[in-house]
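The values are calculated or read from the model by the stated rules, or taken from the named source; none is laboratory data. Keep in mind the model is a prediction, meaning the values are calculated, not measured. As a convention, Cβ positions derive from the backbone with ideal geometry for all residues, glycine included, and neighbour counts pool all protein chains shown. Surface accessibility is based on the protein's heavy atoms, side chains included, excluding ligands, DNA and RNA. Shrake-Rupley method; radii C 1.70, N 1.55, O 1.52, S 1.80 Å.
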Amino acid sequence: MKKITSIPATLVCLLALSCSSISGIAQETIHQFVDGLTVPLLGKYGREAVFQDQLLYHIAEDTWNTPIEGELAFSDENGEETNWSPINTNDKGFFQHKNLRGGYLYCEYESRKSVVVILEASGHNEVFVNGELRGGDVYNYGWVQHPILLKKGKNSFLFRGSRGRINASLTVPSAKTFLSDRDPLIPDWKEGWTNELAGALRLINAGTEEITGFQIISFINGKKNQTSEIPIIGPLTSRKIPFMMNAVGYKAGDTISLSFTLLDAKGREVKMEDSPVFEIKVKGAFDRRKETFISNIDGSVQYYSLVPPSVPNLSNPALFFSLHGASVEAVNQAAAYSPKDWGMLVAPTNRRPYGFDWEDWGRMDGKEVLEIVREKYHPDPGRMYLTGHSMGGHGTWQFGVSYPGYWAAIAPSAGWYSFWSYAGKNKLDNPNPMEDAFLRASNPSNTLGLSGNYLHYGVYILHGDADDNVPVSEARFMREHLAGYHADFCYYERPGAGHWWGNLCVDWPPLFEFLENHKRTEAKDITNIDFSTSCPAVSSE
């Protein structure tokens, strides 16, 4: 028997952003996985700095063997044994079982020859294909398409589950190189714009050699528009590639058709069986819109959603910086607000619909969007406000405590204040030096340790007292915590309200009245500074 061994949480699944095309690209299915073997997780993941997984430990130690039905998978510290058990898909084609909430699914496929196929899978954290680790699709969006090289004979697929169900199949790639219609990022256009805009599409390299020197050409209404260089794409992989476009001369309400052509390193058109086509409706001056940018963090194309002020030519508007909840995404967050006559609302993306809980990459994305909007729209620096709902409520506590110098007030709605209070995060007793290093790296999550940074601005806490998702105890705790030292906060508990009680749980008039009554103290009037940071690389001012 081997003891459960802690493994630093450094495995990263690769994912990207969303939109939909008007032309579906069909793939021929050659195999649908319908039976396999499963075991539950022996260990712990969640939002831990150091996770535990006995099966992954055996893989890392090269002591893991191909599973057999009824055979011992592992035993815990008390000697209790866990065996591999059979599992079949349900009538909807999903493997569904409690084991797959963090546990494993093992499947096999017998191939008559060595051939490249596309692994279409969803609902998993990651998958080992013949021992090679590939990224997952945790939330069952159906975005992930992995080109894989099957070997002649038996091929193994070991999926680690996420939320209890997994779907997986093998399809024939439509071409050696092709554009996917899944997970695109297509910018909105505003009437009168004359600048270039960036978008992004996923390019699948189903070949065994890297792609280099390729170009992508955008076409608007069938006419060549812009040519963009494609970065290097490794063999048997995919990459979200940027493209540029310019739709000068279109009016609000116009619809333009956007299509693409690929060129290889010699300038020849790459033949594809199908290519995505998108329709873009041009926005008016007061319409909500999605604005894209090329991130300085990693060169990827990202976006934020914007709700313009309801009055024209408003100079130095207030800024409402709103963080979305899990699975909501920025466009839907912005859609929940009515336009304001005294300010503009901006919702960043957090990189994904679920994203990074507004910590880590999510926090970096939010900070980058904030700086872009400040430079582009020049909001009144004395009237910048931070708010958000659910996961975005947590983000409000987190973003507000990490970057306190920006805000006149913050307003978390239905948010939890800490992973230790809400998500079951544990602190290890007597950590070894390696574990201790990873625990110190999670110090930016320690909201309460930095909560003195809330002191200089107003705080409005909003929560439903019947919330069955994020318990109201999270808000009540912060009410009591702030009451010990903070003289400028408001607390409202909505009687009988659950987690989401319509747009009012974000677009709440008393909340915006509270914001309007707050203005940030000017630098010349500040005589004392009391600032804490977990790390200057995260927050230094």
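The numbered conditions (1) surrounded by 20 or more Cβ atoms within 10 Å (Cβ to Cβ); (2) in contact (Cβ under 8 Å) with a residue 24 or more places away in the chain are all true for Phe94 except (1). Of the residues making up segment 125-158, those that are of a type in the set (A, V, I, L, M), closer than 19 Å to Ala206 by Cα and part of a strand (DSSP E or B) are Val127, Val129, Leu133, Ile148, Leu149, Leu150.
Inclusion of Glu474 among residues that are outside any loop (DSSP other than H, G, I, E, B), modelled with pLDDT of 95 or more, open to solvent by 60 Å² or more (accessible area, probe 1.4 Å) and farther than 20 Å from Trp407 by Cβ is not warranted. Take Ser445 and tell me if it is open to solvent by less than 40 Å² (accessible area, probe 1.4 Å) and polar (S, T, N, Q). In short, yes. The lone criterion from (1) in contact with an Asp or Glu (Cβ under 6 Å, 6 or more places away or on another chain); (2) of a type outside the set (A, V, I, L, M); (3) farther than 24 Å from Gly284 by Cβ left unmet by Tyr337 is number (3).
For segment 222-251, filtered to residues that are within 19 Å of Thr292 (Cβ to Cβ) and either in contact with a His (Cβ under 8 Å, 6 or more places away or on another chain) or of a type in the set (Gly, Ala, Ser) (or both), the residue that is modelled with the lowest pLDDT is Ala247.
Considering the conditions (1) in contact with a strand residue (DSSP E or B) (Cβ under 9 Å, 6 or more places away or on another chain); (2) open to solvent by 70 Å² or more (accessible area, probe 1.4 Å); (3) touching a residue at least 60 places away in the same chain (Cβ under 8 Å), Arg47 is excluded by exactly one of them, (1).
Any residue at all in segment 215-234 that is open to solvent by 30 Å² or more (accessible area, probe 1.4 Å), of a type outside the set (D, E, K, R), under 23 Å from the mean Cα position of the chain (by Cα) and over 30 Å from Trp84 (Cα atoms)? Yes: segment 215-234 contains one or more residues that are open to solvent by 30 Å² or more (accessible area, probe 1.4 Å), of a type outside the set (D, E, K, R), under 23 Å from the mean Cα position of the chain (by Cα) and over 30 Å from Trp84 (Cα atoms).
The condition of being under 16 Å from Gln398 (Cα atoms), modelled with pLDDT of 95 or more and either of a type in the set (A, V, I, L, M) or open to solvent by 50 Å² or more (accessible area, probe 1.4 Å) (or both) holds for only one of Leu345, Leu323, Leu306, Leu319, that being Leu323. Of the helices (runs of 4 or more DSSP H) contained entirely in segment 359-438, those carrying at least 1 residues that are open to solvent by 10 Å² or more (accessible area, probe 1.4 Å) and more than 24 Å from Ala497 (Cα to Cα) fall at 361-377, 419-422. The combined condition, being closer than 30 Å to Val117 by Cα, surrounded by 13 or more Cβ atoms within 10 Å (Cβ to Cβ), hydroxyl-bearing (Ser, Thr, Tyr) and out of contact with any Lys or Arg (no Cβ under 6 Å at 6 or more places or on another chain), is fulfilled by Thr237. Does segment 332-355 contain at least one residue that is in contact (Cβ under 8 Å) with a residue 60 or more places away in the chain, part of a helix (DSSP H, G or I) and either of a type outside the set (Val, Ile, Thr) or in contact with a His (Cβ under 7 Å, 6 or more places away or on another chain) (or both)? Looking for residues that are in contact (Cβ under 8 Å) with a residue 60 or more places away in the chain, part of a helix (DSSP H, G or I) and either of a type outside the set (Val, Ile, Thr) or in contact with a His (Cβ under 7 Å, 6 or more places away or on another chain) (or both), one finds at least one in segment 332-355, hence yes. The criterion of being touching a helix residue (DSSP H, G or I) at 6+ places or on another chain (Cβ under 8 Å) and modelled with pLDDT of 95 or more does not hold for Phe512. A Cβ distance below 8 Å, combined with a sequence gap of six or more or placement on separate chains, defines the contacts here; from segment 390-405, residues that are on the phi > 0 side of the Ramachandran plot reach residues that are open to solvent by 10 Å² or more (accessible area, probe 1.4 Å) in the pairs Ser390/Ala326; Ser390/Val328; Ser390/Asn469; Ser390/His499; Ser390/Trp500.
Restricting Tyr460, Tyr492 to residues that are open to solvent by 50 Å² or more (accessible area, probe 1.4 Å) and either on the phi < 0 side of the Ramachandran plot or part of a helix (DSSP H, G or I) (or both) narrows the list to Tyr492.
Selection of segment 304-331 for residues being closer than 23 Å to Glu359 by Cβ, of a type in the set (Gly, Ala, Ser) and in contact (Cβ under 8 Å) with a residue 60 or more places away in the chain yields Ser322, Gly325, Ala326, Ser327. Selection of segment 307-324 for residues being more than 7 Å from Met344 (Cα to Cα) and either in contact with a Pro (Cβ under 6 Å, 6 or more places away or on another chain) or not polar (S, T, N, Q) (or both) yields Ser310, Val311, Pro312, Leu314, Phe321, Leu323, His324. Return the pair list, or none, for Cβ contacts closer than 7 Å from residues in segment 196-221 that are more than 14 Å from Phe278 (Cβ to Cβ) to residues that are basic (Lys, Arg) and surrounded by fewer than 21 Cβ atoms within 10 Å (Cβ to Cβ), at least 6 apart or on different chains. Close Cβ pairs (under 7 Å, with a partner that is basic (Lys, Arg) and surrounded by fewer than 21 Cβ atoms within 10 Å (Cβ to Cβ)) amount to Leu203/Arg239; Ala206/Lys176; Gly207/Lys176; Ile217/Lys224. Pairs are defined by a Cβ separation below 8 Å, a sequence spacing of at least 6 or placement on different chains, a first member in segment 268-279 that is farther than 12 Å from Phe219 by Cβ, and a second member that is assigned to a loop (DSSP other than H, G, I, E, B) and charged (D, E, K, R); the pairs so defined are Val270/Asp264. Of everything in segment 272-282 that is open to solvent by 70 Å² or more (accessible area, probe 1.4 Å) and outside any loop (DSSP other than H, G, I, E, B), the residue that is nearest to Glu229 (Cα to Cα) is Glu279. For segment 15-31, the candidate set comprises residues that are out of contact with any Leu (no Cβ under 8 Å at 6 or more places or on another chain) and of a type outside the set (A, V, I, L, M); within that set, the residue that is modelled with the lowest pLDDT is Ser20. Once segment 283-303 is narrowed to residues that are open to solvent by 40 Å² or more (accessible area, probe 1.4 Å) and not in a loop (DSSP other than H, G, I, E, B), the residue that is farthest from Gly355 (Cα to Cα) is Lys283. Residue selection: Val172 fails the criterion of being β-branched (Val, Ile, Thr), buried (at least 18 other Cβ atoms within 10 Å of the Cβ) and closer than 24 Å to Tyr109 by Cβ.
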